[in-house]
Amino acid sequence: MREIRWHGRGGQGAKSMSQVLAEAWLRQGRWVQAFPEYGPERSGAPVTAYTRADARPIRIHHAVRNPDAVVVLDPSLLGEVPVTAGLRPGGFVLVNSPESASSLAERLPGVRVLRVDGSALARTAGGNYANVVLLGAVAGVLGEPALEALQQAFAATFAKLSPEAVAVNFKALEAGYRAALEEAERPGPGAVQAAPTPREDLPGAVVLAQDAPHPRTGGWRTGLKPAVRLEACVNCLLCWVYCPDAAILTENQAFVGFDYQHCKGCELCVKACPTAAIEMVPEGLELVGQGQLTPRTQGGRHA
């Protein structure tokens, strides 16, 4: 059985490509499965998808725990998600990144790392979607399914696309399928993380606040982040009340800014603010302190 695990962010097409890969294998007479696993259904949030293919009927229906290959559509996930969890001996991780394979291998010791700049290849083909390139690339490494089957499956899955758009994506698929992937591996015994197992302390257990998982959701933002004009803030702390990720920072019961590592840009603080002191600004905008649009007011409420 072939088992592939896909890691991406909401909107990057991990689910779609897992389905196209399964459809291509189905056209070549294999039994297949393809399904996603979501956390928060939001653009930018981590998404996992799975593909299975076998010559016999597939009787299991759980998530892929021991993949032959892992496809990572967004390199920022390497520090956020255990992408190597359960990887089988001889398996590989295929990463979409402009970074060198040797540099990626430093972050994934003990793992065979393959690297392709899918975003650049997609642009060269006239498109915008690296996921299509990565689909072709993983099939090329595995040696199956055939490129023609991938193209037929893609056309059937995206039947509403114009002929021009289909042609562009066919070029992207072929670019990935025939790409000379950069490969590296850094020795590191025991570096592959164990496959996650269900928690045995739930339900009915007590999870302490300091032990509860608190993932860094800052990478989920999609181009905007909150910022504050402290001179307009009245310290009602409604932003703190409504923030789902404890990303509102306070000192002595006064609002001082944002924890951007855990702020996913949901905008609830903007909607909760009664004085419009908080607004969404471009991600690259330089701010004062911890997200202030203006310096602290000296001698006033925020001094």
Just report the Cα centroid separation between region 1-69 and region 141-183, whole Å.
17 Å
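Applying 1/(1 + (r/R0)^6) with R0 = 41 Å to the Cβ-Cβ distance of L287 and Q152, what FRET efficiency is obtained, to the nearest 0.05? Please report the intermediate quantities before stating the final value.
Values: r = 50 Å, r/R0 = 1.22.
With a Förster radius of 41 Å, E is 0.25.
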Does region 78-198 classify as rounded, prolate or oblate by the C-alpha gyration tensor (a ≥ b ≥ c root eigenvalues; a/c under 1.5 gives rounded; else a/b over b/c gives prolate, otherwise oblate)?
prolate
With x for Gly and Pro, the residue-by-residue ³J(HN,Hα) of region 179-186, computed from phi through the Karplus equation 6.51 cos²θ - 1.76 cosθ + 1.60 at θ = phi - 60° and given in whole Hz, is 5, 8, 6, 7, 10, 7, 8, 9
What are the residues whose amide H is under 5 Å from the amide H of V71, where those residues sit 5 or more places off or on another chain and H is modelled from the backbone?
R5, W6, H7, L94
Under the Karplus curve 6.51 cos²θ - 1.76 cosθ + 1.60, θ = phi - 60°, whole-Hz ³J(HN,Hα) for region 220-229, x wherever Gly or Pro sits:
7, 5, 10, x, 10, 9, x, 9, 10, 9
Under a Gaussian network model of the chain whose springs join Cα atoms within less than 10 Å, the largest fluctuation of G136, G176, G86 belongs to G86
Testing the spin-label approximation: label points 7 Å from Cα along Cα→Cβ at L161 and L142. State their distance in nm.
1.9 nm
Run through region 1-66 and list the GluC sites (Glu not before Pro) located in a DSSP loop whose Cβ has at most 12 other Cβ atoms within 10 Å.
E41
Within region 2-185, percent of DSSP bridges classed antiparallel, to nearest 5:
60 percent
Filtered hits (lysines, Cα-Cα < 28 Å from K15, offset >= 8 within chain) -> K160, K171, K225, K264
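Using Cα pairs under 8 angstrom and six or more residues apart, how large is the relative contact order of the chain, in percent? Provide the component values of the computation, followed by the final result.
Working: 603 pairs, mean separation 46.6, N = 303.
Across the chain, relative contact order equals 15 percent.
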Give the shape of region 2-185 as rounded, prolate or oblate, defined through the alpha-carbon gyration tensor: a ≥ b ≥ c are the square roots of its eigenvalues, a/c under 1.5 means rounded, and otherwise the shape is prolate if a/b is larger than b/c and oblate if not.
rounded
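Mean residue ellipticity at 222 nm from the helices of the chain, using -39,500 (n - 2.57) per DSSP H segment of n ≥ 4 over the full residue count, to the nearest 500 deg cm²/dmol? Don't skip to the answer; put the middle values down first.
On the way: 8 runs with 77 residues, N = 303.
The helix contribution divided over the chain gives -7500 deg cm²/dmol.
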Projecting each Cα onto the charge dipole of the chain (Lys/Arg +1, Asp/Glu -1 at the beta carbon, about the Cα centre), which of L268, N128, M17 comes out farthest on the positive side?
M17
Under the rule of at least 5 residues apart or a separate chain, name every residue whose amide H is placed under 5 Å from the amide H of G10.
G44, A45, V47
Once you place label points 7 Å from the Cα toward the Cβ at F35 and E267, how far apart are they in nm?
3.3 nm
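Trypsin sites (Lys or Arg not before Pro), restricted to region 1-64: which are DSSP loop and have at most 13 other Cβ atoms within 10 Å?
Working: sites: R2, R5, R9, K15, R27, R30, R42, R52, R59; in loops: R30, R42, R59.
Here the sparse-neighbourhood loop sites are R59.
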Within 13 Å, Cβ to Cβ, of R123, how many net charges do the neighbouring residues add up to if Lys/Arg are +1 and Asp/Glu are -1?
0
Tell me, which cysteines of the chain are without a disulfide-compatible partner by the Cβ under 4.7 Å rule?
C233, C236, C243, C263, C266, C273
By counting other Cβ atoms within 10 Å of each Cβ, how are R221, R178 ranked from fewest to most?
R178, R221
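Every number here is computed from the coordinates shown, using simple stated rules; none is lab data. The structure presented is a predicted model; accordingly, all values stated were derived computationally and were not measured. No Cβ is skipped: glycine too gets one built from the backbone with ideal geometry, and neighbour counts run over all protein chains shown.
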